[in-house]
Amino acid sequence: MSNQAKFLKYGGWTVKKPLHQASSDENVVVKEEEEEEEEDISRSTLIWRAIKLPIYSVALVPLTVGSAAAYLQAGLFSARRYFVLLSSSVLIITWLNLSNDVYDFETGADKNKKESVVNIVGSRTGTLVAAYTLLALGFMGLTWACIEAGDIRSIYLLACSITLGYIYQCPPFRLSYQGLGEPLCFAAFGPFATTAFYLMHNSQSVLPITGTVLSASLLVGFTTTLILFCSHFHQVDGDRAVGKMSPLVRIGTKAGSQVVKVAIVTLYSLLFSFGLSKLLPLTCIVFCALTLPIAKLVVSYVEENYSDNSKIFMAKYYCVRLHAMFGVALSVGLLAGSSIAKSYMQRLVLP
């Protein structure tokens, strides 16, 4: 046995090894190759994860739902304002993401997070300066749209939304570390942002804040908050290590999976309640019901994988998909409700 040998390749060299040593060395080589391959895969997805492109649906959905509500309520829509608001919202969400990376880097929460922008560019100061530059540009766009709309309420609401984003993650507040990120997220993207975008389509008359836009904004807040909640599943150990008391650190991932289930049931229960009480057009129920399969996927995926960090990472992306699809369906339902209402009124007026 000791005379038997095997040839192994190390880089560009061929080495003769006894068989018992060759077997051990072969395992080492395979393990190193797997680690290199894993590192290569990580590098190929690093920039994509850092950009977080899917998460920008949180800029699109409140704006689109608010705009659809304005069209339903008063037949108002300004395409120019819509795209200025969309661009400004993207800039502000980018500020939110970049500053979040900076402050999580400071606390050590992102120490081993390869896709952190700070870790990629290697400059905390540069990332922070870029973040606040984008915030300033975004707020300038929002201010312009507010002035053109002539409704000061909209900029107040958006200022409140941005303030909530600041105290969510920035010192000295960092309320996300106290487990308060979810209610702040709900208020910022739901009632504040969605209602503000609704008011941004104002014209000469003053748009009333109605039960319809408030109901729609609550649903938007729900789906947005679900993304944030599910983003904690794969970060529980790291969050606990730096003292970040997210809801999942407090209650555990198993209980968290049940919270997701209850949240989904509550979302669709609210949808049906708002529709049946005529706060929302019945068309909203019809179109939003089409998103039930993806909602079911979110629930089943979290229930099956809540303890597997390598898989549960994808839960937040399924939530993003639900958020985007539900937001589009809600907007289409509002627009369809407007068309049906106009058609009905025409039949009443015309002989």
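Given the options Ser331, Ser338, Ser300, name the one that is buried (at least 16 other Cβ atoms within 10 Å of the Cβ), modelled with pLDDT of 95 or more and among the polar types (S, T, N, Q). On inspection, the qualifying residue turns out to be Ser331.
For region 134-183, the set of residues classified as surrounded by fewer than 17 Cβ atoms within 10 Å (Cβ to Cβ), among the β-branched types (Val, Ile, Thr) and within 16 Å of Ile93 (Cβ to Cβ) consists of Thr163 only.
Of the residues that make up region 99-107, is at least one over 25 Å from Ser57 (Cα atoms) and either modelled with pLDDT under 75 or touching a helix residue (DSSP H, G or I) at 6+ places or on another chain (Cβ under 6 Å) (or both)? Full working, then the answer.
Kept after step one, since they are over 25 Å from Ser57 (Cα atoms), are these residues of region 99-107: 106-107.
The next check asks that each one be either modelled with pLDDT under 75 or touching a helix residue (DSSP H, G or I) at 6+ places or on another chain (Cβ under 6 Å) (or both); those that pass are none.
No, because not a single residue in region 99-107 is over 25 Å from Ser57 (Cα atoms) and either modelled with pLDDT under 75 or touching a helix residue (DSSP H, G or I) at 6+ places or on another chain (Cβ under 6 Å) (or both).
Of all residues in region 83-95, exactly one satisfies the criterion of being of a type in the set (Phe, Trp, Tyr) and surrounded by fewer than 18 Cβ atoms within 10 Å (Cβ to Cβ), namely Phe83.
Only one residue in Gly243, Gly238 is more than 24 Å from Leu85 (Cβ to Cβ) and in a loop (DSSP other than H, G, I, E, B). Which one? Being more than 24 Å from Leu85 (Cβ to Cβ) and in a loop (DSSP other than H, G, I, E, B) holds for just one of Gly243, Gly238, which is Gly243.
Specify which of the listed residues (Ser231, Ser257) is in contact with an Asp or Glu (Cβ under 6 Å, 6 or more places away or on another chain) and either without any contact (Cβ under 8 Å) to a residue 24 or more places away in the chain or of a type outside the set (A, V, I, L, M) (or both). Give the derivation first.
Details: Ser231 fails: in contact with an Asp or Glu (Cβ under 6 Å, 6 or more places away or on another chain).
Going through Ser231, Ser257 in turn, just one is in contact with an Asp or Glu (Cβ under 6 Å, 6 or more places away or on another chain) and either without any contact (Cβ under 8 Å) to a residue 24 or more places away in the chain or of a type outside the set (A, V, I, L, M) (or both): Ser257.
Is it the case, given these coordinates, that Ala295 is part of a helix (DSSP H, G or I) and buried (at least 18 other Cβ atoms within 10 Å of the Cβ)? So Ala295 fits the description; yes.
The values are calculated or read from the model by the stated rules, or taken from the named source; none is laboratory data. Not measured: the values here are computed from a predicted model. Cβ atoms come from the backbone with ideal geometry, glycine included; neighbour counts cover every protein chain shown.
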